[in-house]
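Data first, discussion second: the structure below is written as structure tokens.
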Amino acid sequence: MYNDEFFDTQYNRLGTNCRKWDQACAQYGEDLIPLFVADMDFRSPKAISDALVKRAAHQTYGYSYKGSKDLEFFCEYMHRHHHFQVKPEHVCYSPSVVTGLKLAVRAFSEVGHGVVIQTPVYGPFYSSIELNQRLIIENPLIVGAMGTYSMDLVHLETLFKQGHRTFMLCNPHNPVSRCWRKEELKALLLLAQKYNVNVISDEIHADFVYEPLQFTSIMQIADELGYANVICLYAPSKTFNVAGLQQSMLVSKNEQILAKVQQDMNAHGIETGNIFGMIAASVAFSECDDWLAGLKHYLTGSKELLVQELHTHLPKIKVTPIEATFLAWMDCREYGLSCSDLMKRTTENKVLFTEGTFFSKTLGEGFMRFNFGCPRKNIVEGVQRLKRSLEI
């Protein structure tokens, strides 16, 4: 059922208060192809929509509670797909992974403390730190000759020696599409353990790792090393395209940390347990493996198509090797244009990407991120519109 033809079908999202389509097309015109914000243009699994329709038909939507079975589905899913052991008592719900980032920063640090991030990185890493009156401490990634990014562990240890005790990891990494290897994560966590550094890991893209590579959670390494100062963040939102239902999971095997997070949520009135969000998450984790298998097969082909299209039509653009995510990091610097100029030209040609400066004001200059989680004809047309934008 969930073959390439299913994912190739163009599905109209206009008129649904969709940020990616309604909001962007209102600004740039309805003939726009939006390839920016990281949600996909595919229909969610039928099992999810059927379950939501069934619940909506009940016609009563009163107070609900979070059943233990819902968390068991998540734990079983993590073990089935990622060989990662986690129990329901290690998990608390959060409205979104971004909320979880902010809660984790508050749990692990105090006002005025430094929080280390590996740049360029997903924009909310910065805001999660700044909005909570902490200091952004950058540990820039190193770019190799082939465009692959790696961690600068020597510089990172220097930062830990200086006393910075909270570190935020993006695993897999957005936007540079890296699947961090087990040995890299172990070297990182050994440093954290040596200096008693708290680790926050955004692992929302865990399901999007391309063969033969495999995802490894930082918490798997923490279990091996017996290190408990770790928080990991997950959600069904990216994988099953249900971000609007506001349901995510914050995981830690440190009881004190989980209690502190829960206390902070209570103090700020952060409520979780949306009826429809819980249903969607439970069904996603228990009934949608066939949809996910079809999606990953489709995205593998789409990744290869995008790389080929850019190589053929825009050889000056260097694409970071795509090991994970459905996002391509494009180095457009040979065109000598700023991000502001790139965005102006591309939107004038009715295609919208995410500007590189969203991920780093310095390291992202001259870059754009391409979301290929869409029907392939949009990838092909998107590249053509990008070509018209750059070859004026």
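Ligands, DNA and RNA excluded, the heavy atoms of Leu245 present near 50 Å² of accessible surface to a 1.4 Å solvent probe. The heavy atoms of Val53 offer some 100 square angstrom of accessible surface to a 1.4 angstrom probe. Split the accessible area of the chain by element, probe 1.4 Å, and carbon with sulfur accounts for 51%. P(r) for the stretch 114-200, from all Cα pairs and a bin width of 5 Å, is 3, 14, 27, 26, 19, 9, 2, 0 %, short bins first.
Of all the options Lys69, Lys318, Lys186, the one that moves most in a Gaussian network model of the chain with Cα springs shorter than 10 angstrom is Lys69.
Shape of the stretch 259-392 from its Cα gyration tensor (a ≥ b ≥ c, root eigenvalues): rounded if a/c is under 1.5, otherwise prolate when a/b > b/c, or oblate? Oblate shape, in that a/c is at least 1.5 and b/c is the bigger or equal ratio.
Within the listed set Ser150, Ser64, Ser128, the residue fluctuating most in the Gaussian network model of the chain (springs between alpha-carbon atoms under 10 angstrom) is Ser64.
If you take every residue apart from Asn241 with its C-beta less than 14 Å away from the C-beta of Asn241, what net charge results, scoring Lys and Arg +1 and Asp and Glu -1? Cβ neighbours under 14 Å give a net charge of +4. Scanning residues 5 or more positions from Val351 or on other chains, those with amide H under 5 Å from its amide H are Ile33, with H placed 1.01 Å from N in the peptide plane. Hydrophobic, long helices, defined as DSSP H runs whose alpha-carbon span along the helix axis is 27 Å or greater and whose mean Kyte-Doolittle value is at least -0.5, occur in the chain at 289-313. For the charge dipole of the chain, defined by +1 on Lys and Arg C-beta atoms and -1 on Asp and Glu C-beta atoms about the Cα centroid, which residue among Tyr61, Ile204, Gly366 has the Cα displaced farthest towards the positive pole? The listed residue farthest towards the positive side: Gly366.
Ranking Ile48, Gln10, Pro88 by how far each Cα lies toward the positive end of the dipole of the stretch 1-127 (charges on Cβ) leaves Pro88 at the top.
About its Cα centre, the chain has a charge dipole of approximately 420 debye under the convention of +1 per Lys or Arg Cβ and -1 per Asp or Glu Cβ, with nothing else charged. Mean separation of Cα pairs under 8 Å and 6 or more residues apart, divided by the residue count, gives the chain a relative contact order of 24 percent.
For the stretch 177-276, what does the alpha-carbon gyration tensor say about shape, rounded, prolate or oblate, given a ≥ b ≥ c as the root eigenvalues, a/c under 1.5 as rounded, and a/b over b/c as prolate? In terms of gyration-tensor shape, oblate.
Lys46 exposes around 100 Å² of accessible area when a 1.4 Å probe is run over every protein chain in place. Only helical runs count toward this figure. For the chain, summing -39,500 (n - 2.57) over DSSP H runs of n ≥ 4 and dividing by all residues gives -12500 deg cm²/dmol at 222 nm. Couplings 3J(HN,Hα) for the stretch 23-28, derived from phi with the Karplus relation 6.51 cos²θ - 1.76 cosθ + 1.60 (θ = phi - 60°), are 5, 5, 5, 5, 8, 10 Hz, where x marks Gly and Pro.
The chymotrypsin sites (Phe, Trp or Tyr not before Pro) of the stretch 4-84 that meet both conditions, a loop assignment by DSSP and at most 12 other Cβ atoms within 10 Å of the site Cβ, are Tyr11, Tyr61, Tyr63, Tyr65.
Treating each Cα of the stretch 64-214 as an identical point scatterer and summing with the Debye formula, the log10 of I(q)/I(0) at q = 0.10, 0.14, 0.16 Å⁻¹ comes to -0.39, -0.76, -0.98.
Computed from label points 7 Å out along Cα-Cβ, the spacing between Ala187 and His81 is 2.9 nm. Near Lys253, the amide H atoms lying under 5 Å from its own belong to Val230; only residues 5 or more places off or on other chains count, and H is placed 1.01 Å from N. Comparing Thr320, Thr216, Thr312 in a Gaussian network model of the chain where C-alpha atoms under 10 Å apart are linked, the largest mean-square fluctuation is found at Thr312.
The values are calculated or read from the model by the stated rules, or taken from the named source; none is laboratory data. These numbers come from a predicted model, not from an experiment. Cβ: placed from backbone, ideal geometry, glycine included. Neighbour counts: every protein chain shown. Areas reflect the complete protein model, heavy atoms only, side chains present, ligands, DNA and RNA absent. Shrake-Rupley method; radii C 1.70, N 1.55, O 1.52, S 1.80 Å.
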